[in-house]
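Remarks on the structure that follows.
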Amino acid sequence: MYQVGNLVKELSDKHGHARESLMPILQAIVQKHNYLTDEAMVEVARELDISAAEVYGTASFYTFLDTQVKGKYVIRVCKTITCSMKGKSDIIQSIEEMLNIKVGETTPDNQFSLIETNCIGWCHKAPAILINDLPFTELTPEKVTEIIKDYMQK
Amino acid sequence: MINLLINDQKVAVQNGTTVLAAARKLKINIPTLCNHDDLCVAGNCRVCIVEQKGAKTLIASCATPAAEGMEIHTNTLKVRNARKHIVELLLSEHRSDCTKCYKNQNCELQSLANDFAFGDHVFLDLVEDKKYSIDRSSASFIKDDSKCIRCQRCVRTCSELQSVAAITVANKGAHQKISSFHNRPMSQVVCTNCGQCVNRCPTGALVEKTAIDQVWDAIYDPDKHVVVQTAPAVRVALGEDLGYDPGERVTGKMVNALRQLGFNSVLDTDFSADLTIMEEGTELLVRLKKALVDGDKSISLPMFTSCSPGWIKFVEHKYPEFLPNMSTCKSPQQMFGALAKTFYAKKNNIDPSKIVSVSIMPCTAKKFEADRPEMRSSGFKDVDYVLTTRELAVMIKQAGIDFRNIEEANYDSVMGNSTGAGVIFGATGGVMEAALRTAYEIVTGREVPFGNLNITPVRGMDGVKEATIKIEGCVEAWKFLEGAELKVAIAHGLANANKIMKMVRDGKATYHFVEIMACPGGCIGGGGQPIPTNLKIRQKRMAAIYAEDEHKELRKSHLNPDVIAIYKEFLDQPNSHKSHELLHTHYVERDNY
Ligand code: SF4
Ligand code: SF4
Ligand code: SF4
Ligand code: FES
């Protein structure tokens, strides 16, 4: 788990302390750390003078503003119908075997998290995954294995 | 004015009136769930839908302003079917065990279901798949998600009326739920236990944590001596749960009913309210003297009242830097509790370990307060069980007492006597008025300069009230206050309290004494009061409180004979060593989430 340090203060000075700044601040924290810690949410609440529950409510509405501990690389496998028909399950199985975790889990070294996501807009090149912000498409078990290998070496 | 037609009847309404309100004006009933008179429009439950001529879809009448020439139908086949399906869909996710539910017969969802008289279920029952949780961690209430229809009245209450926002809407779609910060137990978040959300929940999803069974057990334990105290605001509201209209004073009947329930001694929190005035008034005068005459910089002003445990917890969480400004006086409930197992026990020659002390309160936060570790000055738990007004009504029904037809009775003596000043504690501004009636007289030797002792500037439903009292003609001991202007303020509802706190914090207001009650209207609008509670009902209860005051023979706390006696026999004088031991307390800083 990361320490949020001065980040929230810097972000709220940059975006402003009004309630409208909530989303940009949360997005920027997630951009940097992949997920929101309780400490980060409490800090944001304090800077914007709103309640911590309201910050949590907003964050929990958006799948991409994660409030659970996530690894350095978050792998999101599209679970919607096109990717499902084009072999999403095999992709997941390959990743699960490689990383030795199940969907929803994070590796003990905190490098990878594996989750499913709703449509990411790559239906024409299904099956698709996201690793953090980067999409990888037209995957096969072999291709995804290579990709993960690359990330493991990073 | 705007003219429209509802069910072919003409109606004219002010600009900005909703279709729902316009229909009500015609006495046309449209069901609602998420709507509440105290709260902003949410428009999320959709049971209030009606058909508007020319509109493609049905419209939510609570969220649609009336417009010129509108033609509305509230009872077409389309409306009825849609409404029926909406309620059925809610029920498909709802654990409908009404006969075992605490809200049975007092539930808006149930009464809608009752109106529709559903036979068969057309939708799948999803309850078992839902993995609902029940949070019993709060000292004051139980939150049962399997009964929640996500109308968000609680969320709006907590943020709009209380500016606490301890609860929020988390997640979305099928996973949506009412949640605290990151799903923490309600006992571990910023919740003040005020129970305003409980009072506004239309279902059994939020209910008080009841102590009815424990109290019955104590009453039926021959080894125990069970004393009960009744808060001022209970007597002007209890009737509502027992067949009376709002605003009926049922003090005498309540006392008799309590006796019939089997309490050994029926006493009055109003007595300890009077005592609070003696202690808090003295504390204020001492603080003023130290600050104004001795120039003692360590004295914190303004001094805030401390009778409202929801308010105390609010400060502990959100403004801990102001804890030194809180009066150290315990609330009347807790003063009473500490004395019940000391003074009362001694006087009646009863072993304090055999005394069970019960209080009847308009408040759910009092349950939390009674459980605080600080509240054991007698060497025992000073107040064993707290029942809300609603719970007392349940006990009266359980016992089969014919409340409407029982005789009136008087409180028992020793800690049963009270003055009108103690009574008005139940309404916003009441503590201030009671304190001024006594403090002014101590300082000047004369009565407060208001007709018939009614200090009207501190009364009424304005969210924040301010007044300045000029002190003239002081007696010798208080000469240093000659010509001083005492600046006071009053707020009710924590959102208004928050306004005052911000002003004080930012140096925009310089008060000497501030009264704050956590609940809108003060205790008469407490979280433990009968449901529904809304502005109209609060006003009626308030009028009843002031009527009760006017009918009292004594109307100034320092004239209460039981108060005079207890200082003589037991406490010595206000703020004495013994008083500090039993009647004063301290506070703790808490996390702000
Ligand atoms: S909340 Fe209402 S509808 Fe639900 S079980 Fe309780 S009484 Fe019945
Ligand atoms: S807890 Fe009660 S008030 Fe809150 S959303 Fe659920 S049903 Fe509505
Ligand atoms: S009890 Fe009061 S503070 Fe707590 S959640 Fe309910 S409304 Fe908010
Ligand atoms: S009462 Fe109108 S939408 Fe709920």
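The values are calculated or read from the model by the stated rules, or taken from the named source; none is laboratory data. Small disclaimer: the values here were computed from a predicted structure and weren't measured. Neighbour counts are summed over all protein chains in view; Cβ atoms, including those assigned to glycine, are modelled from backbone coordinates with ideal geometry. Only protein heavy atoms, including side chains, enter the accessible area calculation; ligands, DNA and RNA are left aside. Shrake-Rupley method; radii C 1.70, N 1.55, O 1.52, S 1.80 Å.
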**OP:** Provide the solvent-accessible area of A:Lys125, counting protein heavy atoms only and rolling a 1.4 Å probe, rounded to the nearest 10 Å².
**Re:** 70 Å²
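In square angstrom, what is the accessible area per residue of the range B:2-75 with a 1.4 angstrom probe? All intermediate terms of the calculation are to be shown ahead of the outcome.
Numbers: 3650 Å² over 74 residues.
The answer is 49 Å² per residue.
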Subject >> From phi via Karplus (6.51, -1.76, 1.60), per-residue ³J(HN,Hα) for the range B:213-228 in Hz, x at Gly/Pro >> reply: 5, 4, 5, 4, 4, 5, 4, 8, 8, x, 7, 9, 10, 9, 9, 10
Subject >> Residues of type aspartates and glutamates that B:Lys289 reaches as a straight line, Cα spacing below 18 Å, ignoring anything fewer than 8 places off in the same chain >> reply: B:Glu279, B:Glu280, B:Glu441, B:Glu472, B:Glu476, B:Glu482, B:Glu485
Original post:
Over what distance in Å are the Cα centres of the range B:51-77 and the range B:431-471 separated?
Top reply: 50 Å
**OP:** Anything losing 20 Å² or more of accessible area from the isolated chain to the full protein assembly: pick those residues out of the range B:152-194, probe 1.4 Å, ligands and DNA/RNA ignored.
**Re:** B:Ala165, B:Thr168, B:Ala170, B:Asn171, B:Lys172, B:Phe181, B:His182, B:Arg184
Original post:
When Lys and Arg each count +1 and Asp and Glu each count -1, what net charge do the other residues less than 13 Å away from B:Arg156, Cβ to Cβ, add up to?
Top reply: -1
Original post:
Once label points are set 7 Å from the Cα along Cα→Cβ at both B:Glu581 and A:Asp90, what is their separation, rounded to one decimal in nm?
Top reply: 8.3 nm
Original post:
By a straight-distance test (C-alpha under 21 Å), which lysines pair with A:Lys70 as possible cross-link partners, with residues fewer than eight away in the same chain excluded?
Top reply: A:Lys32, A:Lys79, A:Lys102, A:Lys149, A:Lys154, B:Lys172
Original post:
For A:Asp49 and A:Glu105 in one chain, what is 0.36 nm times their gap in residues minus the Cα-Cα distance, to one decimal in nm?
Top reply: 16.8 nm
Original post:
Rounded to the nearest 0.05, what FRET efficiency do B:Phe116 and B:Glu569 have when you use their Cβ-Cβ distance and R0 = 45 Å?
Top reply: 0.10
Original post:
When the accessible area of chain B is computed with all protein chains present and a 1.4 Å probe, what percentage of it is carbon and sulfur?
Top reply: 50 percent
**OP:** For a label point 7 Å from the Cα of B:Ile134 along Cα→C-beta, name the residues of the range B:177-219 whose backbone N is under 14 Å from it.
**Re:** B:204-210
Subject >> Highest-first arrangement of B:354-365, B:418-429, B:200-211, A:15-26, where packing means the average Cβ count within 10 Å >> reply: B:418-429, B:354-365, B:200-211, A:15-26
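With an 8 Å cut-off on Cα pairs and a minimum separation of 6 or more residues, tell me the relative contact order of the range B:193-350 in percent. Mind showing how you got there, number by number?
On the way: 128 pairs, mean separation 31.3, N = 158.
For the range B:193-350, the relative contact order is 20 percent.
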Original post:
Sorting B:Val588, B:Val504 by accessible area (1.4 Å probe), largest first, what list results?
Top reply: B:Val588, B:Val504
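Kindly flag which residue pairs out of B:Lys224/B:Lys381; A:Lys88/A:Lys125; B:Lys130/B:Lys177; B:Lys103/B:Lys397; B:Lys330/B:Lys354 have an alpha-carbon separation exceeding 19 Å in this structure.
Over 19 Å Cα-Cα: B:Lys330/B:Lys354.
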Original post:
Using the beta-carbon distance between B:Ala67 and B:Asp245 and R0 = 30 Å, what value does 1/(1 + (r/R0)^6) give for FRET efficiency, to the nearest 0.05?
Top reply: 0.25
**OP:** Would you mind computing, in nm to one decimal, how far apart the modelled labels at A:Ile81 and B:Arg376 are, each placed 7 Å from Cα along Cα→Cβ?
**Re:** 6.3 nm
Subject >> Protein-protein interface of the range A:40-69, residues with accessible area decrease of at least 50 Å², isolated chain reference, 1.4 Å probe >> reply: A:Ala53, A:Tyr56, A:Phe61
**OP:** Compute the distance in nm between two label points, each set 7 Å from the Cα along the Cα-to-Cβ direction, one at B:Leu535 and one at A:Met1.
**Re:** 4.5 nm
Original post:
So what's the back-of-envelope 222 nm ellipticity for chain B, counting only DSSP H runs of four-plus at -39500 (n - 2.57) apiece and dividing by all residues, rounded to 500?
Top reply: -8500 deg cm²/dmol
Subject >> Rounded accessible area of A:Glu142 (nearest 10 Å², 1.4 Å probe) >> reply: 120 Å²
Original post:
Quick one: which bits of the range B:576-593 get at least 10 Å² less accessible when the partner protein chains are in, versus the chain alone, with a 1.4 Å probe?
Top reply: B:Asn592, B:Tyr593
Subject >> Ranking by accessible area, most exposed first, for B:Leu77, B:Leu90 with a 1.4 Å probe >> reply: B:Leu77, B:Leu90
Original post:
Which residues in the range A:45-85 have a backbone N closer than 16 Å to a point placed 7 Å from the Cα of A:Ile131 along the Cα-to-Cβ line?
Top reply: A:71-78
**OP:** Could you provide, to the nearest whole Å², the per residue accessible area of chain A with probe 1.4 Å?
**Re:** 51 Å²
Subject >> Accessible-area composition of chain A, carbon plus sulfur, in percent [1.4 Å probe] >> reply: 51 percent
**OP:** For B:Lys84, go through the aspartates and glutamates and keep the ones whose alpha-carbon is under 14 Å away, minus same-chain ones fewer than eight residues off.
**Re:** B:Asp115, B:Asp120
Original post:
Total accessible area buried between chains A and B, 1.4 Å probe, in Å² to the nearest 100?
Top reply: 1300 Å²
